[in-house]
Amino acid sequence: MSHPLTSQEIKALHNHFADHPSSAVIQRAVMRSGVFEASYNPEARKKLNRVFSVEVETGEVTNQRNSGRCWMFATLNTLRHQFAKKYKVKAFELSQAYLYFWDKIERANIFYEKILRTAEKGANDREVRFYLTELDGPAGDGGQWAMAAGLIQKYGVVPAYAMPETFNTNDTTGFRETLNLKLRRDAKVLRQLKQDGADENELSGQRQKMLEEVYRMTAMAVGEPPATFDLEYRDDDKKHHLKKNLTPTAFLHDYFDMDLDDYVVLTNSPDKELNKSYSMPAQDNIIEGKPIIFVNVEMDALRKAAVAQLKDGQTVWFGNDVLKQMNRKEGLLDTELYKTGDLFDVDLTMSKADRLRYGEASVSHAMTLTGVDLDGEKVRQWKVENSWGEKNGEKGYFVMSDSWFEAFTYEVVVRRKYLTEAQRKIADMEPVQLAPWDSLA
C-alpha cells in the first residue's frame, strides 16, 4: 500500500529533529567538516602502530593511478617480491601495461562469445544487461586474481621498462569509455546477425574483424607488447646482469618459481553456504583460461592460511572493501575509525552476511599482505602494501587492524599446502556456479 507523506507527518519529522539532544551542534559540525571528519575516532588510531613480528621485506610501492587495475597490481606484486628475494634486487617492477593490453584483447573475445551465446534473449534480459552494463561495462578495468593469473600463464610477464605505463593506462577513463561504446555497438551487430540466421562462417568473419579493430585501438592507446626484450638490472650487491632476447613466457618460466595452479582463493562470503566451492564463469576473461573459483570457508581459515604464508616469507594477495572505515592519507584501516552511528544516533550495524545480501558490501579492491603482528597465535594487526603510490599511508603501506580484516576482507590467495585436508577436498569439488550478479562479483 502506498503511503504519501502528509503535512502533519512532515511537521512531526521536523519536531523530532528539533527536539533531539545536540541536533544543532552536531548539524553545524557535520555540515562544516563532513560525515567522516565529524565522526573520526582518535582512539582507533592509538591502537595501530607500524611494528610487525612477521614481515616480508619489500621495496617501493606501485601506483595504479586513475584505473581499476588493483587486481593486476596485487598479483604482479607477489611475483616481483619473489623475484626481488631470489635475485637480490628490491627496485624491480613488472609491467602492468603489458597485462592490461592482453586483458583488453581477451576480454573482448570472451565478450563476443557471451553475446553470441545469449543472442536469442532480449536486450533487457538480466544476464545480457550484466554483460553490457555491469562492472564499468564490457571494457571495464576490474577483475579477480584468477583473471590476472590466467593472463600471466598465457602471455608471461615483462619488466616495467619493456612496456611502460602510458597516459591511457594511468588514466583509463577515455579509452574505457571509447572501447565500451565499440563493444556495445559490436554486440548489437552480432546479436542481429545471429537472430537473422547468419551461419558460423559469417559470424566468425565478423567477430575476427571486430577483434582486429579492438587490437588496433588498444595498440594505439597502450602500445603494442614486445615479442622479446633484454633483461637488464643491477642487484643489491651492485652486480650487473644482462640476458638478451627473452620472450615474456621464457622470462616467466626461467626466472619465477611461482606455480599459479598451486594457489587457491579462500573466500569468506557468509551470505552463501560455507564449506563449498563456487565458480563465477560470467567474469572469466579468457576462453578456456583459468577459471574463477572460490573456496568459501570460515574467516579464521583465511587468517590462519595468510599468517602461515607470511611466516614462510611470501606475501599474500587479498580482496577487500577498502573504502570502508579507511583513512587514505594516514594509511589506516580499522572498524572503529569512524563512529557514524554515534554521530547520527542511529543503529548502523549489519552482519557481514547481510551487508553482502543487501548491497552494502563489495569486493572493491585488491592489495597485498606483507606482514603481520602476532601476540602468540593472536593477530594484532597487518601490514598492507597498496598500489596507490607513496603519498598515501607510510610510503604507500597501510596498517590494518584484525577487526577490519575480519569485517571487510573477503578473499586471500594462498598455496594449497596452507589449507587443511578438509579444505583441499572442498577445493577439488565441482564448484557451484554463481550468478553473474553475485555479491562476490
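Take 78-87, 190-199 and order them by the average number of nearby Cβ atoms within 10 Å per residue, most first; the result is 78-87, 190-199.
Choose one answer from M350, M72, M280: the residue with the largest mean-square fluctuation in a GNM of the chain with alpha-carbon springs under 10 Å. The residue with the greatest mean-square fluctuation here is M350.
In sequence order, the stretch 325-337 has phi-based couplings of 6, 10, 9, 5, 5, 7, x, 10, 9, 7, 5, 9, 5 Hz under the Karplus curve 6.51 cos²θ - 1.76 cosθ + 1.60, θ = phi - 60°, and Gly or Pro positions carry x.
Rolling a 1.4 Å probe over the heavy atoms of the protein chains gives the stretch 82-219 an accessible area of 44 Å² per residue.
Once the Cβ-Cβ distance of E37 and R65 is raised to the sixth power relative to R0 = 35 Å, the FRET efficiency obtained is 0.85. Take the Cα of D375, step 7 Å toward its Cβ, do the same at D196, and the gap between the two points is 7.1 nm.
Packing, as the average of other Cβ atoms within 10 Å across residues, places the peptides 138-151, 376-389, 210-223 in the order 138-151, 376-389, 210-223, highest first.
Full-extension gain between L203 and K276, please, as 0.36 nm times their residue separation minus the C-alpha to C-alpha distance. The partial results should precede the final answer.
Numbers: separation 73, 0.36 × 73 = 26.28 nm, distance 3.85 nm.
In short, 22.4 nm is gained.
Phi angles of the stretch 347-354 translate, via the Karplus equation with coefficients 6.51, -1.76, 1.60 and θ = phi - 60°, into HN-Hα couplings of 7, 10, 7, 9, 6, 4, 4, 5 Hz per residue; Gly and Pro are given as x. Past 29 Å, Cα to Cα, is the threshold; run K88/K311; K88/K154; K272/K417; K311/K339; K90/K417; K304/K395 against it and keep the listed order. Distance filter (> 29 Å) returns K311/K339. Each peptide in 417-424, 122-129 receives the mean, over its residues, of other Cβ atoms within 10 Å, and ordering these scores from highest gives 417-424, 122-129. On the chain, 50 percent of the accessible area sits on carbon and sulfur atoms, based on a 1.4 Å probe. Within 13 Å, Cβ to Cβ, of T247, how many net charges do the neighbouring residues add up to if Lys/Arg are +1 and Asp/Glu are -1? Every neighbour counted, the sum reads +1. Applying the Kirkwood pairwise sum to the alpha-carbon positions of the stretch 339-441 produces a hydrodynamic radius of 16.8 angstrom. Treating r as the C-beta distance of F17 and E232 and R0 as 51 Å, the FRET efficiency rounds to 0.15.
Between S364 and N320, D321, V322, the built amide H atoms are under 5 Å apart, and every one of these is 5 or more places off in sequence or on another chain.
The values are calculated or read from the model by the stated rules, or taken from the named source; none is laboratory data. What you are looking at is a predicted structure, and each value in this text was computed from that prediction instead of being measured. We place every Cβ from the backbone using ideal geometry, glycine too, and count neighbours over all the protein chains shown. When the accessible area is computed, the model is the full protein with side chains, heavy atoms only, and any ligands, DNA or RNA have been set aside. Shrake-Rupley method; radii C 1.70, N 1.55, O 1.52, S 1.80 Å.
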